[in-house]
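Participant: Quick one: structure below, then a few questions.
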2 protein chains.
Amino acid sequence: MNRDYIKPDNWSIIEEGFDPENVKSSESLFSIGNGAMGQRANFEEKYTGKTFQGSYIAGIYYPDKTKVGWWKNGYPEYFAKVLNAPNWIGINIEINGESLDLNSCPEVTNFRRELNMKEGWYNRSFEATLQNGTEIAVNVRRFLSLNLDEIGVIKYEITPLNKDSKIVYKPYIDAGVSNEDANWEEKFWEPLEIKKGTNEAFLTAQTFKTHFKVSTFMHNSIFANGENINISASSIDSKQDKIQFTYGTIIGKGQTSSIQKIGGYTVSLNHNNTLSAAEKAIKEAVDKGYDKLLEEQAESWAKIWEMSDITIDGDVKAQQGIRFNIFQLNQTYSGKDSRLNIGPKGFTGEKYGGSTYWDTEAYCIPFYMATKNQEVARNLLTYRYNHLEKAIENAQNNLGFKNGAALYPMVTMNGEECHNEWEITHEEIHRNGAIAFAIYNYHRYTGDYSYIPKKGLEVLIGIARFWHQRANFSKEKNQFVILGVTGPNEYENNVNNNFHTNYIAKWCIDYAVEQIEKVKTDFNTDFCRIIEKTKLTEAEIDEWEKVANNMYFPKSEDLGIFLQQDGFLDKDLIRVKDLDASQRPINQKWSWDRVLRSPYIKQADVLQSFYFFEDHFSKEELKRNFEFYESFTVHESSLSPCVHSIQAALLDKMDMAYAFYLRTSRLDLDDYNKEVEEGCHITSMAGTWMSIVEGFGGMRVKDNSLHFSPKIPKEWEAYSFKINFRNQILTVMVNHDETTFSVDSDADLAIVVNGKETIISKTVTA
Amino acid sequence: MNRDYIKPDNWSIIEEGFDPENVKSSESLFSIGNGAMGQRANFEEKYTGKTFQGSYIAGIYYPDKTKVGWWKNGYPEYFAKVLNAPNWIGINIEINGESLDLNSCPEVTNFRRELNMKEGWYNRSFEATLQNGTEIAVNVRRFLSLNLDEIGVIKYEITPLNKDSKIVYKPYIDAGVSNEDANWEEKFWEPLEIKKGTNEAFLTAQTFKTHFKVSTFMHNSIFANGENINISASSIDSKQDKIQFTYGTIIGKGQTSSIQKIGGYTVSLNHNNTLSAAEKAIKEAVDKGYDKLLEEQAESWAKIWEMSDITIDGDVKAQQGIRFNIFQLNQTYSGKDSRLNIGPKGFTGEKYGGSTYWDTEAYCIPFYMATKNQEVARNLLTYRYNHLEKAIENAQNNLGFKNGAALYPMVTMNGEECHNEWEITHEEIHRNGAIAFAIYNYHRYTGDYSYIPKKGLEVLIGIARFWHQRANFSKEKNQFVILGVTGPNEYENNVNNNFHTNYIAKWCIDYAVEQIEKVKTDFNTDFCRIIEKTKLTEAEIDEWEKVANNMYFPKSEDLGIFLQQDGFLDKDLIRVKDLDASQRPINQKWSWDRVLRSPYIKQADVLQSFYFFEDHFSKEELKRNFEFYESFTVHESSLSPCVHSIQAALLDKMDMAYAFYLRTSRLDLDDYNKEVEEGCHITSMAGTWMSIVEGFGGMRVKDNSLHFSPKIPKEWEAYSFKINFRNQILTVMVNHDETTFSVDSDADLAIVVNGKETIISKTVTA
């Protein structure tokens, strides 16, 4: 299967030619979303070939009863999954009595998909010969309005090429959908009510168990040569979970018939009465009309790009890659709603359940902090604050902790743990550290301390309590150890003293203690409230500090490196470069035990600590650890290459940094992992952004200042990015000769470039 | 729930009084079996209270599609499960128009169950008042013939106590049964054909997928006051998967009506035409009749007891316990058929799928060697020999081994791996060692070397190859290590250098090399055949020996003990005695991660090596290791107390040895683990036998001689057991004053008692 079929283009994702083997991959790559909903690029018309149907609504999930081989205490009762939502895009088409189905057409030519990232729409066009001999040209454009985020729009145009033709449109909405990934083949949607109007219909359904109510709606208009012919449906077929309208029209050869379908969802998360909200939403959209909605869409995307675009000159594939990443991140999460978060597949597939992982804190927050206003990142922090009680319950009820210790879930929709592999759910606890780190990182970047006394400190206390209890004293080592964990490298399970986990555990306690002192001094009202709530005492803090001050970190004096875990050097240390290529990817070729006892690393682990806490280590330490661990890293996680790219750039290994950049930025477009048909890797796309801004741009925040040490891959002529730093927009343009900085405000901005303080006044070239 | 309700009795298991809460537990405890089939003590008549229905046929299984939360490479496609078989015991009863159902009777008195172990039958009697006011007395006796092992017999007697009554019997056979433990709610049985005769019926069904064909049959006779009244069914209700006959009869107050039902199974494992085999089987049984069948049953059991009974004087509960264990072992496995093996629950429940585990080699073989002729143990070894190709395929195809390395499955019916937890399936590899050890143990005990050149050596070579490849050289340690395993203590997963695993790995290689040399010298024809087949070379053996000769064993010089695994001493070493009782059993109270990082041991692990290889270690070493590990052992495996009991006896810790003996022997009768309703722990029952013979009796085989060092718990007056040692039956009787040995043959037997050689001529008192 050729999966490298996307045409290079600066602003669009383009597929040319119809290959049924590419349909599922393209359905992922051409997905569209607007933060509130999203969908795979499924065909509107019937398609009997291989397809993976998916439409998703942010925050609407179902608790799919847990499936395990052998139950273990502490497993959650369910896996919350963002559901395949009712279908509103469907339009069955009949041409001269024959159903249009690309899988059965004798000939399909000029098939082309374009995802126009600049303006935020998806277009599909083709010519086809039907079995009845009719030749047609089709053009379909679809977008999900950023402006009216409950609204999606389709214009479906058909031009018969060889004869006057009868064209029948059968637009429908359908709640009889299922998930591919369902544990028990339960039905997820219960249809409640159908309401039909002249050219519009509303289907209200609710999820079983979670009882999210959703009104799915459509409004149809039929056009001939661009003129609304104002016809009504000739018939309406309605059953409990589906309603379909039928519109028949005759169009001359060479002339164009079309249907405009406006559809979407209103949901009980946002409305008491979803049906009347739907009626209102549809009216607003219909009043605006297709052209206006499309125009607004382009304007909305222009605003996003204005702030978040990264340009790369001289390397179209790199340019296309980064824009695809930025586009998808913006399609997935708008930051408006602190109840929402960023699932690893966004709205492009079902895998990982559409739920929240530590990806958000470790990878996504830097992107949103720098390309949005700080409220967006604060909403992401607040999401965890709102789940603090659940994290405490999780630690206490499922895992036996006490006294307000909080363990945030590995996977969640509502704060409850959803995942059900013990080695992950119960042991991949470094996630708790990433959540604390994000608070630190937010304050470091935005300078907004207010979050900590208002919300963050309670989270930090819960997390510090967790680490204090989770460590135990080893008489053998005369230090505190953390046994039985899975680090970021999920290719080792249940190991002892994972360096990253031990390191971030100590850091969490130290940071929490510092913040307690600071809040006590500077925000005493908040401090008193928090002490009252948490019953924290000085004596307890002393106990925490004993753990933090005497934490064990495994290392090899000989190699001058930290050890990923106690037993790492006992492994059969054959480097990746010496591993037979036929054995990779190891997670597809090897049984799990073999993966686990191998030295191969899925993603940055010791190096994750070096990424989070770069300043704690010398460059020589980084170099030794990077060179050792990079040689064993197989990058079979989408989250891996970006960290290595940043560190390679820092170590002046620019060829390596560039190779990792390409891998992260085109992971899905070039389908490195042979799985893009399952959906795109959304959260790792923020890592791609970091590879440029932090890797090549060398951006860091230290002591309230932006630092840069720009580098540029030899393959590029120039690149540029923008940064919203504390409400000043800094533009950075790098080429092989120089780096140009500019700010959009009248105030100067003091930055540090290659270690030297530099004042940016509007435009400065350094 | 009171689960300690079994009346002490030397020869019977007795329950008195009807408590619906005890029904499921009693269904397990009063299970009957004959090696070919078995069943829980379900009521024959309708019962609407809580019940767990189960009838099982040896060797008839279904490949239930694997269920896991997250698929990992190497998992088997299915879990083979011995199925709940078609029901042949069912007899619905109507008394004066009312269905008899103990759950709805206003009054049930004199309820009594008895499992008569001496004669091999199960009896249930009660008096009940029906809702219609009829008072009845019921007595039901049931047994599964040892002699005709396709035949089961029921005599169901009813005596109306307060009025002449109309009694309607509705005996049926029914293939519409399901498993409680089914992964996907698939149907397992496909009914094929029903054949009915005058008072008999045959229902042929086959398992889906595996296509085992089973004819379930019944033959009914109705009696009044013991006389066959020769009536035929008044009606027959037949549907695809069930057939029921109706017999109506009037019986006077105080008189006894009864039905005799003969039923059972014929299976395609043993017959080409199961239906004609069933007709033949039923004819033979009917011709013999109830009384003769019951008489033969008592004779058959007398023969078993003659050889395998253990007597204990002065401690009824201990006596009852050991007989229950011996009885269940004999009900489960007769040793006649090398296609069969011993599932951990035998025919008493569904858990563990009725499949074969390493329990057979580590625990059961010594019992069957000593209480049966050697053919039985040889059949158990042959079972694994017959699965060698599958074990090689498992290692190669699922786990990436090569060159004929064999990994026997953790769980199997047909040689293929069935289990699906990576930490067990892929990592609990010491099982491979137990299979090699059983070959050694068989030869040591029986003196029959012929098995090794004929079959065993090929197994040993496959196993040695596995260990050679599974170990890797650690540069750090400059020795070979075995990483990522689960030892016998399943409360630690994915650990490095589990002592028992490393030790048995080395032993397997050494033993294989020795046997290769011996077979080469003494059985050269076999040797040439094996070399031809295995392509074994001297160079390969040299490589094995490098591993065996330089294997790493973790130990603590300070404590003078071997370490269960590399990280054991880093644990929070709180002894079991200092653990709050409310926290136990930890596998029910703690999440899995907490169990794993705790020091608590489910069952003998380092001590398993000391059990297998007692002569390799000094008594002082045993004492240090025993005292250390015993203090952390929670014995939450049924296989644990017996090993500790044997070692405690050896170390003269007789109170401890006795406590462990009681725990192992009455594990199910007193429901120590609060789970007997799921079934009995059959394989651990062989461990109970070892506790007496090897523990208190101190029996060992060394240098072709039996050794004894008899001890007796202070709670007992005397005990005795018999041993078939190389076709001489030795009886050992121990009391507080002396031990008496006798042989049943004319030939003398030289044994070693307390280190002193002693010649036994018929009867000797030592």
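Participant: Just checking, how many residues over the stretch A:123-133 are in contact with a Ser or Thr (Cβ under 8 Å, 6 or more places away or on another chain) and surrounded by fewer than 22 Cβ atoms within 10 Å (Cβ to Cβ)?
Facilitator: Taking the stretch A:123-133 first, the residues in contact with a Ser or Thr (Cβ under 8 Å, 6 or more places away or on another chain) are A:126-128, A:131.
Add one more test, that the residue is surrounded by fewer than 22 Cβ atoms within 10 Å (Cβ to Cβ), and what stays is A:126-127, A:131.
Residues that pass the stated criteria total 3.
Participant: Does A:Tyr672 count as without any contact (Cβ under 8 Å) to a residue 12 or more places away in the chain and either assigned to a helix (DSSP H, G or I) or not charged (D, E, K, R) (or both)? Lay out the reasoning, then the answer.
Facilitator: Details: without any contact (Cβ under 8 Å) to a residue 12 or more places away in the chain: yes; either assigned to a helix (DSSP H, G or I) or not charged (D, E, K, R) (or both): yes.
Yes: the conditions hold for A:Tyr672.
Participant: Just one of B:Phe143, B:Phe111 is open to solvent by less than 10 Å² (accessible area, probe 1.4 Å), touching a helix residue (DSSP H, G or I) at 6+ places or on another chain (Cβ under 6 Å) and closer than 26 Å to B:Asn325 by Cα; which is it? Can you show your working first?
Facilitator: Values: B:Phe111 fails: touching a helix residue (DSSP H, G or I) at 6+ places or on another chain (Cβ under 6 Å).
Going through B:Phe143, B:Phe111 in turn, the sole match is B:Phe143.
Residue-by-condition table, conditions (1) β-branched (Val, Ile, Thr); (2) open to solvent by 20 Å² or more (accessible area, probe 1.4 Å); (3) more than 16 Å from A:Pro171 (Cβ to Cβ); (4) in contact with a helix residue (DSSP H, G or I) (Cβ under 8 Å, 6 or more places away or on another chain):
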{"position": "A:Ala41", "(1), (2), (3), (4)": "no, no, yes, yes"}
{"position": "A:Gly49", "(1), (2), (3), (4)": "no, no, yes, yes"}
{"position": "A:Phe52", "(1), (2), (3), (4)": "no, no, yes, yes"}
{"position": "A:Trp71", "(1), (2), (3), (4)": "no, yes, yes, no"}
{"position": "A:Ala80", "(1), (2), (3), (4)": "no, no, yes, yes"}
{"position": "A:Asn92", "(1), (2), (3), (4)": "no, yes, no, no"}
{"position": "A:Ile95", "(1), (2), (3), (4)": "yes, no, no, no"}
{"position": "A:Leu100", "(1), (2), (3), (4)": "no, no, no, no"}
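Participant: Turning to a different aspect of this structure: So in the stretch B:371-395, with the set limited to residues that are of a type in the set (D, E, K, R) and in contact (Cβ under 8 Å) with a residue 60 or more places away in the chain, which one is nearest to the other protein chains (Cβ to nearest Cβ)? Steps first, answer last, please.
Facilitator: First, pick out the residues of the stretch B:371-395 that are of a type in the set (D, E, K, R): B:372, B:375, B:378, B:384, B:389-390, B:393.
Among the residues that remain, those that are also in contact (Cβ under 8 Å) with a residue 60 or more places away in the chain are: B:372, B:378, B:384.
Values: B:Lys372: 34, B:Arg378: 32, B:Arg384: 22 Å.
Among them, the one singled out is B:Arg384.
Participant: Among the residues of the stretch B:469-493, write down those that are at positive phi and at the interface with another protein chain (Cβ under 10 Å from one of its Cβ atoms).
Facilitator: Kept after step one, since they are at positive phi, are these residues of the stretch B:469-493: B:478, B:484.
B:Gly484, the sole residue that qualifies.
Participant: Identify the residue in the stretch A:612-644 that is hydroxyl-bearing (Ser, Thr, Tyr) and either open to solvent by less than 20 Å² (accessible area, probe 1.4 Å) or closer than 28 Å to A:Asn673 by Cα (or both) and, among all such residues, is farthest from the chain's Cα centre (by Cα).
Facilitator: If we filter the stretch A:612-644 for residues that are hydroxyl-bearing (Ser, Thr, Tyr), which is where we start, we get A:618, A:629, A:631, A:633, A:637-638, A:640.
Subset that is either open to solvent by less than 20 Å² (accessible area, probe 1.4 Å) or closer than 28 Å to A:Asn673 by Cα (or both): A:629, A:631, A:633, A:637-638, A:640.
On the way: A:Tyr629: 27, A:Ser631: 28, A:Thr633: 23, A:Ser637: 14, A:Ser638: 11, A:Ser640: 15 Å.
Residue satisfying both the conditions and the ranking: A:Ser631.
Participant: Test B:Gly353 against the criterion of being open to solvent by less than 10 Å² (accessible area, probe 1.4 Å) and at pLDDT below 95, and give yes or no. I'd like the intermediate steps shown before the answer.
Facilitator: Details: open to solvent by less than 10 Å² (accessible area, probe 1.4 Å): yes; at pLDDT below 95: yes.
The answer is yes for B:Gly353.
Per-residue answers, yes or no, for (1) at negative phi; (2) over 23 Å from the mean Cα position of the chain (by Cα):
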residue	(1), (2)
B:Glu16	yes, yes
B:Glu21	yes, yes
B:Gln39	yes, no
B:Ile57	yes, no
B:Ala85	yes, no
B:Asn110	no, yes
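Participant: Report the residue count in the stretch A:358-368 for those that are open to solvent by 10 Å² or more (accessible area, probe 1.4 Å) and more than 25 Å from A:Cys418 (Cα to Cα).
Facilitator: Qualifying residue count for the region: 1.
Participant: If a residue has to be of a type in the set (S, T, N, Q) and not in a helix (DSSP H, G or I) to count, how many in the stretch B:530-552 make the cut?
Facilitator: First pass over the stretch B:530-552, keeping only residues of a type in the set (S, T, N, Q): B:534, B:537, B:549-550.
In the following step, the residues that additionally are not in a helix (DSSP H, G or I) were identified as B:537, B:550.
Within the stretch B:530-552, residues that are of a type in the set (S, T, N, Q) and not in a helix (DSSP H, G or I) number 2.
Participant: Which of the strands (runs of 3 or more DSSP E) found entirely inside the stretch A:204-253 contain at least 1 residues meeting this: on the phi < 0 side of the Ramachandran plot, among the β-branched types (Val, Ile, Thr) and open to solvent by less than 50 Å² (accessible area, probe 1.4 Å)? Quick ask: steps written out before the conclusion?
Facilitator: Details: elements: A:213-224, A:235-239, A:242-251.
Per the criteria, A:213-224, A:242-251.
Participant: So, one more: Of all the residues that make up the stretch A:553-594, how many are in a helix (DSSP H, G or I), more than 30 Å from A:Phe473 (Cα to Cα) and either within 13 Å of chain B (Cβ to nearest Cβ) or in contact with a Lys or Arg (Cβ under 7 Å, 6 or more places away or on another chain) (or both)?
Facilitator: If we filter the stretch A:553-594 for residues that are in a helix (DSSP H, G or I), which is where we start, we get A:568-570, A:576-578, A:581-583, A:586-589, A:592-594.
Among the residues that remain, those that are also more than 30 Å from A:Phe473 (Cα to Cα) are: A:576-578, A:581-583, A:586-589, A:592, A:594.
Filter once more, keeping what is either within 13 Å of chain B (Cβ to nearest Cβ) or in contact with a Lys or Arg (Cβ under 7 Å, 6 or more places away or on another chain) (or both): A:582-583, A:586-589, A:592, A:594.
Result for the stretch A:553-594: 8.
Participant: Conditions: (1) part of a loop (DSSP other than H, G, I, E, B); (2) surrounded by fewer than 19 Cβ atoms within 10 Å (Cβ to Cβ). B:Ala604 meets all but one. Number of the miss?
Facilitator: (2)
Participant: Can you tell me how many residues within the stretch A:576-624 are free of Cβ contacts under 8 Å to residues at least 40 places away in the same chain, closer than 30 Å to B:Glu421 by Cβ and among the charged types (D, E, K, R)?
Facilitator: Of the residues in that region, 5 qualify.
Participant: Further question: What's the total number of residues in the stretch A:721-766 that are in contact with a Leu (Cβ under 8 Å, 6 or more places away or on another chain) and aliphatic (A, V, I, L, M)?
Facilitator: 8
Participant: Here is a follow-up. Criterion first (closer than 30 Å to A:Lys756 by Cβ, in contact (Cβ under 8 Å) with a residue 40 or more places away in the chain and surrounded by fewer than 24 Cβ atoms within 10 Å (Cβ to Cβ)) does A:Leu650 satisfy it? Give the steps one after another, and end with the answer.
Facilitator: Working: closer than 30 Å to A:Lys756 by Cβ: yes; in contact (Cβ under 8 Å) with a residue 40 or more places away in the chain: yes; surrounded by fewer than 24 Cβ atoms within 10 Å (Cβ to Cβ): yes.
Answer is yes for this residue.
Participant: Taking A:Glu458, is it under 28 Å from the mean Cα position of the chain (by Cα), among the acidic types (Asp, Glu), surrounded by fewer than 24 Cβ atoms within 10 Å (Cβ to Cβ) and more than 10 Å from chain B (Cβ to nearest Cβ)?
Facilitator: For A:Glu458, the condition - under 28 Å from the mean Cα position of the chain (by Cα), among the acidic types (Asp, Glu), surrounded by fewer than 24 Cβ atoms within 10 Å (Cβ to Cβ) and more than 10 Å from chain B (Cβ to nearest Cβ) - is met.
Participant: Does the stretch B:117-137 contain at least one residue that is farther than 20 Å from B:Leu275 by Cα, of a type in the set (Val, Ile, Thr) and under 28 Å from the mean Cα position of the chain (by Cα)? Reasoning before the result, please.
Facilitator: Taking the stretch B:117-137 and keeping what is farther than 20 Å from B:Leu275 by Cα, we get B:117-137.
Now restrict to residues that are of a type in the set (Val, Ile, Thr): B:129, B:134, B:136.
Those still in the list that are under 28 Å from the mean Cα position of the chain (by Cα) too: none.
No, the stretch B:117-137 contains no residue that is farther than 20 Å from B:Leu275 by Cα, of a type in the set (Val, Ile, Thr) and under 28 Å from the mean Cα position of the chain (by Cα).
Participant: Could you tell me whether the stretch B:288-302 includes any residue that is open to solvent by less than 10 Å² (accessible area, probe 1.4 Å) and in contact with a Pro (Cβ under 6 Å, 6 or more places away or on another chain)?
Facilitator: Quick first cut of the stretch B:288-302, residues open to solvent by less than 10 Å² (accessible area, probe 1.4 Å) only: B:293, B:297, B:301.
Cutting the leftovers down to in contact with a Pro (Cβ under 6 Å, 6 or more places away or on another chain) gives us none.
Taking every residue of the stretch B:288-302 in turn, none turns out to be open to solvent by less than 10 Å² (accessible area, probe 1.4 Å) and in contact with a Pro (Cβ under 6 Å, 6 or more places away or on another chain).
Participant: Return a yes/no flag: does the stretch B:436-455 have any residue that is within 30 Å of A:Glu492 (Cβ to Cβ) and in contact (Cβ under 8 Å) with a residue 40 or more places away in the chain.
Facilitator: Within the stretch B:436-455 (the criterion being within 30 Å of A:Glu492 (Cβ to Cβ) and in contact (Cβ under 8 Å) with a residue 40 or more places away in the chain), the answer is yes, since at least one residue qualifies.
Participant: Every residue in the stretch A:61-85 that is among the hydrophobic types (A, V, I, L, M, F, W, C), in a loop (DSSP other than H, G, I, E, B), touching a Phe, Trp or Tyr at 6+ places or on another chain (Cβ under 7 Å) and at pLDDT below 95, please.
Facilitator: Let us first name the residues in the stretch A:61-85 that are among the hydrophobic types (A, V, I, L, M, F, W, C), namely A:68, A:70-71, A:79-80, A:82-83, A:85.
With the extra rule that they be in a loop (DSSP other than H, G, I, E, B), the set shrinks to A:68, A:70-71, A:83, A:85.
This time we only want the ones that are touching a Phe, Trp or Tyr at 6+ places or on another chain (Cβ under 7 Å), so: A:68, A:83, A:85.
Listed by number, the residues that qualify are A:Val68, A:Leu83.
Participant: With the checklist (1) touching a residue at least 24 places away in the same chain (Cβ under 8 Å); (2) more than 25 Å from the chain's Cα centre (by Cα) in hand, flag the one item B:Arg700 doesn't pass.
Facilitator: Failed condition: (2).
Participant: Further, regarding this structure: (1) under 30 Å from B:Lys67 (Cα atoms); (2) crowded, with 20+ Cβ neighbours inside 10 Å: which one isn't true of B:Lys170, the others all being true?
Facilitator: (1) is the only condition that B:Lys170 fails.
Participant: Quickly run through the stretch A:396-408 and pick out the residues that are within 14 Å of another protein chain (Cβ to nearest Cβ), touching a helix residue (DSSP H, G or I) at 6+ places or on another chain (Cβ under 6 Å) and open to solvent by less than 30 Å² (accessible area, probe 1.4 Å).
Facilitator: A:Phe401, A:Ala405, A:Leu407
Here's the yes/no breakdown for (1) within 14 Å of another protein chain (Cβ to nearest Cβ); (2) touching an Asp or Glu at 6+ places or on another chain (Cβ under 7 Å); (3) under 30 Å from A:Asn270 (Cβ atoms); (4) not hydroxyl-bearing (Ser, Thr, Tyr):
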residue	(1), (2), (3), (4)
A:Lys7	no, yes, no, yes
A:Asp19	no, no, no, yes
A:Ser25	no, yes, no, no
A:Asn42	no, yes, yes, yes
A:Ile60	no, no, yes, yes
A:Trp70	yes, yes, no, yes
A:Leu83	no, no, yes, yes
A:Asn87	no, yes, yes, yes
A:Gly90	no, yes, yes, yes
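The values are calculated or read from the model by the stated rules, or taken from the named source; none is laboratory data. Please read these numbers as outputs of a predicted model, since none were measured by experiment. Methodologically, a virtual Cβ is constructed for each residue, glycine included, from the backbone with ideal geometry; neighbour enumeration extends over all protein chains shown. Note: accessible area is taken over every heavy atom of the protein model, side chains too, but ligands, DNA and RNA are not part of it. Shrake-Rupley method; radii C 1.70, N 1.55, O 1.52, S 1.80 Å.
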